[in-house]
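Here the structure comes first, spelled out in C-alpha cells, and everything after it is commentary.
The values are calculated or read from the model by the stated rules, or taken from the named source; none is laboratory data. Bear in mind that the values here come from a model prediction, so they are computed numbers and not experimental data. A quick note on method: Cβ atoms are made from the backbone with ideal geometry, for glycine too, and the neighbour counts reach across all protein chains shown.
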Amino acid sequence: MKPSSRGILAQSVIFIAVLGSLWSLGFFDFSRVAKGASNLTIFVTDLFPPNFSVFDKVLLAILETLQMSFAGTMLGFAIALPLGVLGAKNIFSSAIVAPIRLILAIVRTIPALLWALIFVVALGLGPLPGTLGLVAYTVGYLGKLYYEALEAVDPEVIEAVKASGVSKVQLVRHAVIPESANQILSQLLFMFEYNVRSSSILGFVGAGGVGFYMLGYIQTLQYKELLAVIIMTLVVVLIIDYTSSRIRSRFLLEQGK
C-alpha cells in the first residue's frame, strides 16, 4: 500500500471515529442543541450588567484564593522536587524510581477538586482543606514534570561530575538542579497560575476561596453578581499571567547570558 493511500485510510478512520463520537454524545440532536442555545442566550442576557456592589466581600475571597494557591503551590513544590529527584532514572535505580513514580501517578490521577473534597470530609469546611487539596495535586503534577526535566540533563555533564567521586546529593545539588533550574522555575510558575484557576472553584465543595460566592450566586440565580465575580477573578488571573511571563522572560534572558 502506498504511503499516500495509508494516509488517506488513516484520515478516513479518524474522521469516522470523530463523527461516531459526536453522534454518540448527542451533537446531532438538533432540537436539544437549539433549545440549549436558546437557554444559553437567556442566561447570557441575565448576566448583564454586572453588579459590582459585591466588590468588597468578593475581593477578600479572591485574596483568600490567592493565599491558598500560593501556599498550596509552595508546599507542593517543597515535596515534589525531592520526589522528582528520586523518580529520575539517570540518578537512582529502578528499585527507587518505580515506587516513586507509582505514588506520583496515583496522586496525580485524583483532581484537585476531589482532593479538596476528601480533606473537607476529614477537616471540615474552610480554606485549610482547599490548600491541602492543592498541595496534593501540585505534588503529583510537579513531581512528574520534575523527574522528566532532570532526566533531560545532558548525560555527559552527569558522567563528568560522577567521575569526580561526588555523592548523589552533591551530584543533584551541583549538577542536575543547576542544569534544569530553568525548567524547574518555569514549571513552578505555571503550576501557580494553574492553582489560582483551580482554587477558584474549590469553594464549590466548601473548601474556601471565591468559589463559595460563585456557587452561592448560581444557586440563588444572582447572575449579575456572578458576572462581577468572574470579571474580578479574570483580572487577577491576567495580572498573574503577565507577572509570571515577565519573571519567566527575565530568567530565560539571564540564563542565556
- [ ] For residue 249, indicate whether it is in contact (Cβ under 8 Å) with a residue 24 or more places away in the chain and of a type in the set (Ser, Thr, Tyr).
- [x] no
Open item on the list: Could you list, ordered by first residue, the pairs with Cβ atoms under 8 Å in which the first is in the range 190-204 and without any contact (Cβ under 8 Å) to a residue 24 or more places away in the chain and the second is among the hydrophobic types (A, V, I, L, M, F, W, C) and crowded, with 24+ Cβ neighbours inside 10 Å, at least 6 apart or interchain?
Closed with: none
- [ ] Output yes when any residue across the range 123-140 is surrounded by 19 or more Cβ atoms within 10 Å (Cβ to Cβ), of a type in the set (Phe, Trp, Tyr) and within 17 Å of the chain's Cα centre (by Cα), and no when none is.
- [x] yes
Open item on the list: Looking at the structure I just gave you, is residue 54 at pLDDT 90 or above, closer than 23 Å to residue 200 by Cα and touching an Asp or Glu at 6+ places or on another chain (Cβ under 7 Å)?
Closed with: yes
Open item on the list: Condition first: over 30 Å from residue 42 (Cα atoms), among the charged types (D, E, K, R), modelled with pLDDT of 90 or more and in the same structural domain as residue 93 (by TED's automatic domain parsing). Can you find one or more residues in the range 171-189 that meet it?
Closed with: no
Open item on the list: If a residue counts only when it is of a type in the set (Lys, Arg) and farther than 23 Å from residue 211 by Cβ, which helices (runs of 4 or more DSSP H) contained entirely in the range 89-176 have at least 1 such residues?
Closed with: 94-109, 127-151, 155-162, 168-171
Open item on the list: Within the range 197-224, take every residue that is surrounded by fewer than 24 Cβ atoms within 10 Å (Cβ to Cβ) and of a type in the set (A, V, I, L, M) and give me the one that is farthest from residue 46 (Cα to Cα).
Closed with: 205
- [ ] Tell me which residues, restricted to the range 13-37, are surrounded by 10 or more Cβ atoms within 10 Å (Cβ to Cβ) and of a type in the set (Ser, Thr, Tyr).
- [x] 21
TODO: State yes or no: is residue 161 buried (at least 17 other Cβ atoms within 10 Å of the Cβ), of a type in the set (A, V, I, L, M, F, W, C) and in contact (Cβ under 8 Å) with a residue 24 or more places away in the chain?
DONE: no
- [ ] Of the numbered conditions (1) surrounded by 13 or more Cβ atoms within 10 Å (Cβ to Cβ); (2) within 21 Å of the chain's Cα centre (by Cα), residue 235 fails exactly one; give the number of that condition.
- [x] (1)
- [ ] Could you tell me whether the range 64-81 includes any residue that is under 27 Å from the mean Cα position of the chain (by Cα), free of Cβ contacts under 8 Å to residues at least 40 places away in the same chain, surrounded by 11 or more Cβ atoms within 10 Å (Cβ to Cβ) and in a helix (DSSP H, G or I)?
- [x] yes
Open item on the list: Just checking, does the range 41-63 include any residue being charged (D, E, K, R) and within 30 Å of residue 181 (Cα to Cα)?
Closed with: no
Open item on the list: I'm trying to understand the selection: among the residues of the range 180-196, which are surrounded by 17 or more Cβ atoms within 10 Å (Cβ to Cβ), touching a Lys or Arg at 6+ places or on another chain (Cβ under 9 Å) and of a type in the set (A, V, I, L, M)?
Closed with: 189
Task: Flag for residue 112 being within 18 Å of the chain's Cα centre (by Cα) and at pLDDT below 90 - done: yes
